Amino acid sequence: MADLVKFTINGREIEAPAGMLAIEAAKQNGIEIPSFCYYEGYSLQAACRMCLVEVEKMPKMQVACTLPVAAGMVIRTETDQVKLARKSTLEFLLTNHPLDCPVCDKGGECELQDMVFKYGAGESRYVEAKIHVDEQQWSPVVFYDGPRCILCFRCVRACDEGMGVGALGVVNRGAMSLIAPNKGDHLECDECGQCIDICPVGALTSGPYRYLTRPWEMDHIGTICTHCSDGCKTTLGVRNDEIVRGNNRDRSGVNGEFLCVKGRYAFDFNKHAERLQSPMMRVNGKLEEVSWSKALETIANKFGEIRSRGGKFGVIGSNHTTNEENYYLQKFARQGLGTNSIDHHRTGDVVTLVDALSGTTGRLANSADFYERKAVLVIGSDFSVEHPFLAFQARANFRHHEAHIYTVTAEPVREDNYAARSVRVAKGEELGALEGLREALAAEPDLVIVFDDSIKGDKVRSVVEFGQSLGIPVSYCALVDYSNSRGAIDMGLAPEIGPGYHATGQPGMSMNDMLAAADLAALWVVGANPLENAKLAASKAFVVVQDLFLTETAQRADVVLPAASAYEKNGTVTNGRGEVQRLKRASATMGAKTDLEIIGLIAKEMGLAPMMGPWLPETVYAEIRKTVKGYDIPLPLVTIGAQQSTPVNGRVGVESRPDLVRSEHNNLFESGTLGRYSQVLNTVIEGRQSR
Amino acid sequence: MRYNDPSPLETPVLTRRFRLPNSQSIDTYLASDGYKGFERAIGMTQDEIIGEVKTSILRGRGGAGFPTGMKWGFVPRTSPKPKYIVVNADESEPGTCKDRLLMEFDPHQLIEGVLIAGLAVGAQQGYIYIRGEFRYLIGVMDKAIDEAYAKGYLGDNILGRGVKFNLATHSGAGAYECGEESALLESLEGKRGNPRIRPPFPAVAGAYQCPTILNNVETFCAVPSIILNGGKWFADLGSPKNGGTRLFCLSGHVNKPGVYELPMGFNLMRMINEVGGGIRGGKKLKAVVPGGSSCPILKADECDLAMDYDTVAAAKSMLGSGGVVVLDEDTCMVKFALRIMRFYAHESCGWCIPCREGTTWLKKLLTRFHEGQGQRSDIVMIGDLSKNMLGRTFCPLGDAAAMPTIAIVEKFRDEFEAHLDGKPCPYEHINAFSKSGLAA
Amino acid sequence: MTFSPELEAQFEKFLAKYPADKKRSAVIPMLVYAQDETHAITQEVIEEVAKRCGVTPLQVDEVVGFYSMLHKKPQGTYHVQVCTNISCLIVGGEEIWNQACHKLGIGHKQTTADGRISLEEVECMGACSWAPAVQVNYDFYHFVTPSQLDKLLDGLSAGKKPDEIAGVKRASC
């Protein structure tokens, strides 16, 4: 860190590292210097000229966004000259900016409005004609209104520097300058919407959100995206119990303000017309709506009967339900139904990694490591496409810290564009490529090794051995697919291990075994779709499914229970790095209940309530804290930010099961079964196919 | 000079070969001291070369007048990066047409100047950025460069003396802004000609972020004579702190418009009357733009001054790029101001708000005003808006638009008032051709 | 897309001028020279130049809109550019411009129906001391008078090459 220097702003003595930009030093000391184009983390523009300040001994005013502070510098930000400069710059801006604030989506949270309110003139002297160009739709999610654009180039930088996509540019010259998309009249990009979010005015607006509401009519609920395992915080704008917007402008959460298309827009499955709103039971071969009491009674009776005759249960949990629900479900299965035949779809070999790292501490990479470590090795994954937030972190790490990125993949990936080394290997040969990188990696100060399901079973041990032999600090991350894939295994949704990776000793059936067991008596599926591409061998098995939609699995069910989505419940989820974060209920769907409540109601119906305990998320979490290694994290800490759980404490006494690990490799516009019900994702996919 | 007759008052240094037959060819050049300065420079140390240029008090001829030797001294000696020499031949300041001649009639002088600069800082690659409209000059320069390679004055082992230097032309495509050095470098790299944040200056991070010397054509062209005849000799040609001669581009309402090489400090009234043959048609002088469109205008009674950087600056204008535009009494100053603003609005790159929006607003306002739709308050506002650009824009283009406008409004307020109340422009009936006697 | 062998050779030369990893530098020269042949910067030209210089078409498009010599609309065989900036303005540049528009019946950045002549009012072209000035493609015409302009435009309209028109002489070599 640079030496601290003393200087003054508006007469106040301030200390900051030499060379820090004046605009940042001021901000850190609570002094606002207005700006449009300056944006932390992106390249400097000095274009908007809003941050002009007076600096003693400099003849002209200086822009604070490119002014490094130095010892003895005397800066003034509120002199008449500075105020006049701001006022006149705003006056210039408003000459061509349409004053259509009443019908502008940005109205109420527009930086230009705020600036004019604070620094601008009360009236305009401009009487000439304004330049007009028509609004354009660039994609299902991106609209551009040229006249409103103030050319701060934030969007261009967010897309190019932040996303590594470079789909936005500047065309024409002077006052006719406009932002333009990469395909002439439309965009071909990640559809992440970062450009819209970062736009200080209403030039870039969001297709799904346009004209739905005034910003001040929304409640803002901070929760966690329910799609991939990157686990981004998303702040949902809710109006009349309907989610209308997702963003994370307050930069809370591991992801700062980053969100991909799923986090920002794909909450819309929530209001899909096919959402289940009533329990259903198979009557004469057809599913018919029934009351909750009827459905619960039927399940309880059937489960009780099968349990009493020693029939085989199979329980399949979810990659999307909360830790509390997962814990509660496995407890029900093990203690209520007396079976270890509980599993979920495993998408990465976390179990072997945890085992391979036993006896060490601090070796599981967290979100910050991707931004802070000097090197990142990505094995197998099309990182930007499958794990957009982690890729964003690594890209920022490269940009800000000149970190070295290494890729070992079968296909070209976006990371190649800035990678220190890109190794192309045949699929399945990833491990073999590592030796070739040994020299380069060993020379790094530290390293994150991140791998997908191309590395599983003994290959995980080999990767860890390789990492540990480099002689530098290495942390690891086994990529998994979904929002709570990691929490599912941590909570023991597995036949061979219980919560906290304790071997059960008597493994039950795996998911594959359950589906294949001809004598299976009951299959209970909570928030999963195992029959999407598979058949249930036991034709007579009693099948109970809790889900949002009538999935392939639900269509086979004898009883279907309408479940609440992740955006409709409280609880915690654990992202792919083991960071525990809190879900907060944003809306509700009439008729649906949370899986926790449903499990609790079944338990109650079966007389197991005293054993199971109350189905309150907080109560279950308290039990998790006591019983699951690494989860002893106070809830307030989880609420204010992600806290990494540390399950590594010793060998996991089970065999590796690489045969059970299979990633779906969902791309940016896919999200398992859930993705099918997102109109935004479908529209984007259709748009791409039709071109 | 082929496009206008020379004046006996000239001091031909940079233009001394212009009237030689076949002046473009390397043979002509070599027969008249060509590349002698370079050969001499090969035997000099870098400090000696830069020292000589400092002694010459050569100041940048592009407009800013920054001491050339000092600029060259900023290039870091120990940088491991390659270094570049870039010639700014993007001549496009309205009123300026001198670099065109220097390249057209003595291209080797420019090449030699670049070579010496290369020696001075240890650069081995140069580019001549020529505005796209000067296509024929790209041909002239390319031919001269080919000749220089053929005769061993360019290449990997120049004259067998172990000196390496390669030079190439580069075409622009129409953008005044690319005359600004950092915008030129962006353009050279194949991007929009937006200026860069400075510091770092090109001497430290120029072409491809490498140390770069970037000077105007005329500046480089002065260097061979400086090295050959000594910095002091050159300095003594001009006025104090303003070394040498420079090419003045006399245009507008004079009898003998043309490009003339005169000593620094030459009196402006003498330039108009004795070199330029006085105002044509016996009209009275109204005003002079002393150094290209961005320089504040001088009223007739302010024109008795020495044309060097400091004296013109003292008169609250600038020597600029040597474009001396002479206006007679029949010139409408509102229209003149409008045309200047139209130019800057057209050329504003759009990067920063005050320049982009300010020039466009003023263009519209002045258009309306000239059409007789102005109000008294507009006159104040024209100056006001210009001052709101002044010193606040990203690059000097905003100042270049503001300064002449402020001066015209201040000095010719009466002409603005004459356009008020829907009155037609008092000068509108005057046809330039019928007036000048050059009629159809 | 295919260009003439001459232009291909020119492109080769351009690419050789810059460091191997700085091919992007050739974007602007390539566009200018390609336009001479194609009379317009089409999407096809943009994509071709992008490919050859190792940049995205968007990065080329950004450049096209910035530089005033690059046109997306087709220009005439003879692109007549009239300077009306200050030095030309005060000695008849505007009269020349108005006369050209009137005579051809077209305006700024428009092309005659037969595609022979396009017209553009341009900024200072660096001929101030020999004003008023006109450029036809890349050739300069100095001290242009209304009668010379008439001859020039008549000649071009009649299908003559500029050098074949009597009474009008280009300035530069």
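A few comments on the model shown:
- Counted residues, the stretch A:38-62 - those being more than 9 Å from every other protein chain (Cβ to nearest Cβ) and crowded, with 24+ Cβ neighbours inside 10 Å: 3
- Within the stretch C:155-167, being within 14 Å of chain B (Cβ to nearest Cβ) and touching a residue at least 24 places away in the same chain (Cβ under 8 Å) holds for one residue alone: C:Pro162.
- Any chance A:Lys130 is within 20 Å of B:Phe394 (Cα to Cα) and either touching a helix residue (DSSP H, G or I) at 6+ places or on another chain (Cβ under 7 Å) or at pLDDT below 95 (or both): no
- Residue in the stretch B:104-127 that is surrounded by the fewest Cβ atoms within 10 Å (Cβ to Cβ), counting only those that are within 11 Å of chain C (Cβ to nearest Cβ) and touching a helix residue (DSSP H, G or I) at 6+ places or on another chain (Cβ under 7 Å): B:Glu104
- Among the residues listed as B:Asn229, B:Asn255, the single one being at pLDDT 95 or above, among the polar types (S, T, N, Q), in the same structural domain as B:Asp106 (by TED's automatic domain parsing) and over 19 Å from the mean Cα position of the chain (by Cα): B:Asn229
- Any hit, the stretch B:415-423, residues being within 12 Å of another protein chain (Cβ to nearest Cβ) and either closer than 29 Å to C:Gly92 by Cβ or at pLDDT below 95 (or both): no
- Selection status of A:Ile179, within 14 Å of chain B (Cβ to nearest Cβ) and crowded, with 20+ Cβ neighbours inside 10 Å: yes
- Any hit, the stretch B:241-248, residues being within 14 Å of chain C (Cβ to nearest Cβ) and closer than 25 Å to C:Trp130 by Cβ: yes
Residues checked against (1) at pLDDT 95 or above; (2) under 16 Å from A:Ala433 (Cα atoms); (3) of a type outside the set (Gly, Ala, Ser):
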residue	(1), (2), (3)
A:Asp446	yes, no, yes
A:Phe451	yes, yes, yes
A:Arg461	yes, yes, yes
A:Gly467	yes, yes, no
A:Leu470	yes, yes, yes
A:Pro473	yes, no, yes
A:Cys477	yes, no, yes
A:Asn484	yes, no, yes
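- Put simply, of B:Met389, B:Met333 the only residue that is touching a helix residue (DSSP H, G or I) at 6+ places or on another chain (Cβ under 6 Å) and within 20 Å of C:Ile90 (Cβ to Cβ) is B:Met333.
- Any chance A:Phe117 is among the hydrophobic types (A, V, I, L, M, F, W, C), more than 10 Å from chain B (Cβ to nearest Cβ) and free of Cβ contacts under 8 Å to residues at least 12 places away in the same chain: yes
- Condition met for A:Ala557 (crowded, with 22+ Cβ neighbours inside 10 Å, in a loop (DSSP other than H, G, I, E, B) and in contact with a Gly (Cβ under 8 Å, 6 or more places away or on another chain)): no
- Residue ranges of helices (runs of 4 or more DSSP H) in the stretch B:380-440 with at least 3 members more than 25 Å from A:Cys51 (Cβ to Cβ) and touching a Ser or Thr at 6+ places or on another chain (Cβ under 8 Å): B:396-411
- Criterion (at pLDDT below 95, within 20 Å of the chain's Cα centre (by Cα) and over 30 Å from C:Asp139 (Cα atoms)) met by exactly one of B:Gly69, B:Gly65: B:Gly65
- Residue match in the stretch B:366-388 (condition: within 27 Å of the chain's Cα centre (by Cα), surrounded by fewer than 20 Cβ atoms within 10 Å (Cβ to Cβ), at pLDDT 95 or above and within 9 Å of another protein chain (Cβ to nearest Cβ)): yes
- Of the helices (runs of 4 or more DSSP H) lying entirely inside the stretch B:66-131, not one carries at least 1 residues that are touching a His at 6+ places or on another chain (Cβ under 7 Å).
- Test: residue in the stretch B:130-142 that is within 11 Å of chain C (Cβ to nearest Cβ), without any contact (Cβ under 8 Å) to a residue 12 or more places away in the chain and on the phi > 0 side of the Ramachandran plot: no
- A:Thr504, sole failed condition from (1) at negative phi; (2) modelled with pLDDT of 95 or more: (2)
- Of the strands (runs of 3 or more DSSP E) lying entirely inside the stretch A:165-212, those containing at least 1 residues that are free of Cβ contacts under 8 Å to residues at least 12 places away in the same chain and over 26 Å from the mean Cα position of the chain (by Cα) are A:168-171.
- For the stretch A:343-353, the criterion of a residue being surrounded by fewer than 23 Cβ atoms within 10 Å (Cβ to Cβ) and either under 22 Å from the mean Cα position of the chain (by Cα) or in contact (Cβ under 8 Å) with a residue 24 or more places away in the chain (or both) is satisfied by no position.
The values are calculated or read from the model by the stated rules, or taken from the named source; none is laboratory data. Since the structure is predicted, the reported quantities are computational estimates derived from the model, not experimental observations. Backbone-built Cβ (ideal geometry, glycine too); neighbour counts: all protein chains shown.
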